Each structure stands twice: as structure tokens, then as C-alpha cells.
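The values are calculated or read from the model by the stated rules, or taken from the named source; none is laboratory data. What you are looking at is a predicted structure, and each value in this text was computed from that prediction instead of being measured. Cβ atoms come from the backbone with ideal geometry, glycine included; neighbour counts cover every protein chain shown. For accessibility, only protein heavy atoms count, side chains too; no ligands or nucleic acids. Shrake-Rupley method; radii C 1.70, N 1.55, O 1.52, S 1.80 Å.
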Amino acid sequence: MGRLKTMVNTVLDKAILTKNDLVTLLNAEGTEALLLRQRAEQLKMQNVGNKVYFRGLIEYSNICAKNCYYCGLRCANTAVVRYQMRDEEVLDAVRYAYNERYASLVIQSGEISTPAFVDKITALLLQIGEITNHSMGITLSLGEQSKETLQQWRNAGATRYLLRIETSNPDLYCKIHPNNALHDFENRVKTLQWLRETDYQTGSGVMVGLPFQTIEDLANDLLFFKNHDIDMIGMGPYIEHSQTPLYQYRDMLMPLLWRFEKTLNMIAALRVLMPDINIAASTAMQAIDPAGREKAIIAGANVIMPNLTPQKYRGEYLLYENKPCIDEEADQCKRCLERRILMIGHQIGYGETGDSKHYVPEVSSALIQV
Ligand code: 5AD
Ligand code: SF4
Ligand code: FES
């Protein structure tokens, strides 16, 4: 233990972290892991402060054209009753978030790229802007889209975009997705690039504890975020879903608690690597541990996504099993999360968009280059 302790401390004292350094951090256990997470929390306080920002999550539709091997919403899963929220339901959720001073929204759905869907999102964005006086941060999480579509949504008022890379290892990516043009690793990386070019605050992330994934893969994921200059990250444990192809590998998975602890180490190591970005405490953490999201916050996360989806749809938006909050309404989740965050000595950034401090708008980076 004494030697290990020296290893984590030595790494934490370095100015530049290599892949091997990150592997050391990710392997930390017990007191070692505590040291890492305490340093991350300290760096968070110094760089982004102790506020936790709420992003009201609207799970707009579970209709998806894709067939990812890990996800309960994959198009081949016929057990899912598909829905798309009505405009009024979306706008009611927006009004709720605005009145409660959440200051940011996330609109998420399965991946659809039809002109009708693209235009529907544009129309909703315009209406949301009107209702909220253009004061809220609006994040989209709608999968891979063309550069034109991304630009259209950006012009209509979206400010941020989440597109998890899922894993930065192209071989592993191939193992967890069908092998076709719709599930192409390079296109996903290209889309991240387009997000930056169209001036979004760019978000990404990975799943932790996938079958075939190694600690080296996870260390490379962190370096991928750094190399791609990502502004915000959401990482969660992979949780098997019985109606998906990856379920066949459940016996080779590390235990849920291991995946949970490794995700905490990923959050902490990322805070050390990129101190000024926004990091989400993902809902999947709470599927494993009732206090999972709070634990993510005290390991370095500073963003949380209270669910705003009407209760009647929640049971049909199950990316993974054991998802929390499927019997609750928006107000219950708000009060619940508020209590949990205050309990761990953090404040909620009500009325503040909590933009990523890491983000430099395209126009100013162009100016800097001149
Ligand atoms: N376990 C954990 N996370 C999952 N996601 C999809 N399926 C699962 C699962 N079985 C995550 C993916 C996706 C995000 C919306 O949900 O990372 O990007
Ligand atoms: Fe569709 Fe996203 Fe699930 Fe893949 S992870 S099947 S794109 S909802
Ligand atoms: Fe939804 Fe606790 S966050 S009930």
C-alpha cells in the first residue's frame, strides 16, 4: 500500500499525464482512490467552484434508427413501445424548468435524421427560445447528424451538443455496434469535429466496464477527450440490458460495483487532466448505488440532469435496466436531487447556465489566431 500510495501521489504531482500515469490513477483502490478523488474535488473547487448545475432532461422520443448492441432502445428491440412527445408536452417541461430557474435543458432522443424530424426539432428550438427569452442553455443529444442539420439547429438556438464516443478504441467500437455505415466510428469522430466547427459547446463521453474493454482503453478515452478538446463529458457504467445482443457476454463483465468504482476514478482522473471542463454525474451511477450521483459529484463532477420527461413515458426510455426515477415526475426528482446535493455541501447554480469554462467560441479562437 505504501508503495502504491507513492505512485498515485507521484502521478498527481506531475504537470503532464501520460497514458501510463492515467492507468495508475484508474487502478487506484481504497485509500489510493480516496486520495485521487479528494484531489479531483479540490481541483474542481479551484477551477469551476462548488456549484452543481441542473440540466433539465427531456427524453423527447425513443424512436431510433440505430441498432447499438448495448442499448435497450435499439430499433430491433420490438418490446419497446415507441413514443414521441407532443409539442405541448415538451413546452410544458420547458416552462417548468424555466420557472424553476434550471437555466439549461437537454433534449435527448434516439437517432433520427428524416427531414420531418430535423424540422420538428428546429421548430421546437425556436419556440423554446421565445418561451424562455433565449436565456437558457440548450443542449441537444440527438446522435450523428449532417453538418447542415447541426448548423440549422445551432442557428435555431441550440448551444451545446452531447455525442458520446462510447469508446475511443475503434476495434472495441466495432464489437459493440453493427458493422455498417450507420455505425461508423470515423463518422462519429467527424461529427464531433463538425460540432466544434459549428460552434457548439461540445460534449462527449464513454461507457465504463463494457465487455472486452481494458483499463488501457479507458486511459485512452481520457486522452481522446483531451486531444479533441472536449468541453463537457458524461461517463457512466455500462449496465447490461437483457433485450440486447451484448447481454450474451454478461458472464465476462466485471461486477457492477467495480464498474461503479472505475467510473468514479474516470471522473476524478478526468478532472485532474482537464480541470476546467463540465463533468456530469450520470443517471446510470444511481442505477448501481442510490447515492451514485452524489458520489460522482464528490469525485469531481459538477453537472446533474434532473429528469423532466412526463412519467407516462419514462418506462419506455430504458437504455439500460434498473434505471432510476421511472415512477417519478419532474418535481419529485427536483426535490430529491436538491436535497442530495445540499447534503453533500454543494450549492445548486439556479439561474446560471453554467457554461463550460473550457469553451472558447469559434469567433474568438479565430481572433486569437490572427
Ligand atoms: N448501459 C449504460 N449506458 C448506456 N447507454 C446506452 N446503453 C447503455 C447501457 N446499456 C448510454 C450510451 C449513450 C447514452 C445516451 O446512453 O453511452 O450514448
Ligand atoms: Fe439508438 Fe442511442 Fe440507443 Fe444507439 S445508444 S440504439 S443511437 S438510442
Ligand atoms: Fe428522481 Fe431522486 S432523482 S427521484
Using θ = phi - 60° and Karplus 6.51 cos²θ - 1.76 cosθ + 1.60, couplings along the stretch 158-168 (whole Hz; Gly, Pro as x): 5, 10, 9, 9, 9, 9, 5, 7, 6, 7, 8
Set of lysines with alpha-carbon distance to LYS312 below 17 Å, sequence-local pairs under 8 removed: LYS323
For GLN84, distant residues with modelled amide H under 5 Å away: none
Heavy atoms of ASP276: accessible area, 1.4 Å probe, square angstrom to 10: 50 Å²
Solvent-accessible surface (1.4 angstrom probe) belonging to MET7, in square angstrom, nearest 10: 70 Å²
Estimated [θ] at 222 nm from DSSP helical runs (n ≥ 4, -39500 (n - 2.57)) normalised by residues in the chain, nearest 500: -13500 deg cm²/dmol
The chain, accessible area per residue, ligands and nucleic acids excluded (1.4 Å, Å²): 41 Å²
Estimated vicinal HN-Hα couplings, Hz - the stretch 82-88 in sequence order (Karplus 6.51, -1.76, 1.60; Gly, Pro = x): 7, 9, 9, 5, 6, 3, 5
Convex hull (Cα only) mean projected area of the stretch 59-136, reported in nm² to one decimal: 5.7 nm²
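Normalising by the residue count of the stretch 217-370, find the relative contact order in percent from Cα pairs under 8 Å and 6+ residues apart.
Details: 163 pairs, mean separation 36.5, N = 154.
The normalised contact order for the stretch 217-370 reaches 24 percent.
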Under Karplus coefficients 6.51, -1.76 and 1.60, residue-wise ³J(HN,Hα) of the stretch 201-208 in Hz, glycine/proline x: 5, 9, x, 8, x, 9, 9, 10
Accessible surface of the chain, 1.4 Å probe, proportion on carbon and sulfur as whole %: 53 percent
Residue-span extension gain [GLU186 to HIS134] - 0.36 nm each, minus C-alpha spacing: 15.3 nm
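Order of 147-158, 170-181 by packing, highest average Cβ count within 10 Å first?
On the way: 147-158: 18.1, 170-181: 14.6.
With the highest mean Cβ count within 10 Å placed first, the list reads 147-158, 170-181.
Output the peptides 298-307, 189-198 sorted from most to least packed, where packing is the average of other Cβ atoms within 10 Å over each peptide's residues. Could you put the intermediate results ahead of the total?
On the way: 298-307: 26.1, 189-198: 18.1.
With the highest mean Cβ count within 10 Å placed first, the list reads 298-307, 189-198.
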Within the chain, percent of DSSP bridges classed antiparallel, to nearest 5: 5 percent
Sequence-distant aspartates and glutamates (8 or more away, or on other chains) whose Cα lies within less than 19 Å of LYS120: GLU59, ASP87, GLU88, GLU89, ASP92, GLU111, GLU130, GLU144, GLU148
Kirkwood Rh and Cα Rg combined as Rg/Rh, the chain: 0.94
Of PHE212, PHE260, PHE54, the one that fluctuates the most in a GNM where the chain has Cα springs shorter than 10 Å: PHE212
By average C-beta atoms within 10 angstrom, highest first, the peptides 26-34, 135-143: 135-143, 26-34
Distance-filtered residues of the stretch 9-26 - backbone nitrogen under 16 Å, label point 7 angstrom along GLN42 Cα→Cβ: 9-15
Whole-number percent relative contact order across the chain, with pairs defined as alpha carbons under 8 Å at least 6 apart: 24 percent
Residue (of ILE128, TRP194, GLN213) at the positive-pole extreme of the stretch 116-216, dipole from beta-carbon charges: ILE128
Straight-distance crosslink candidates among lysines, where the alpha carbon sits under 29 Å from LYS19 and sequence neighbours closer than 8 are dropped: LYS5, LYS44, LYS175, LYS190, LYS226, LYS262, LYS295, LYS357
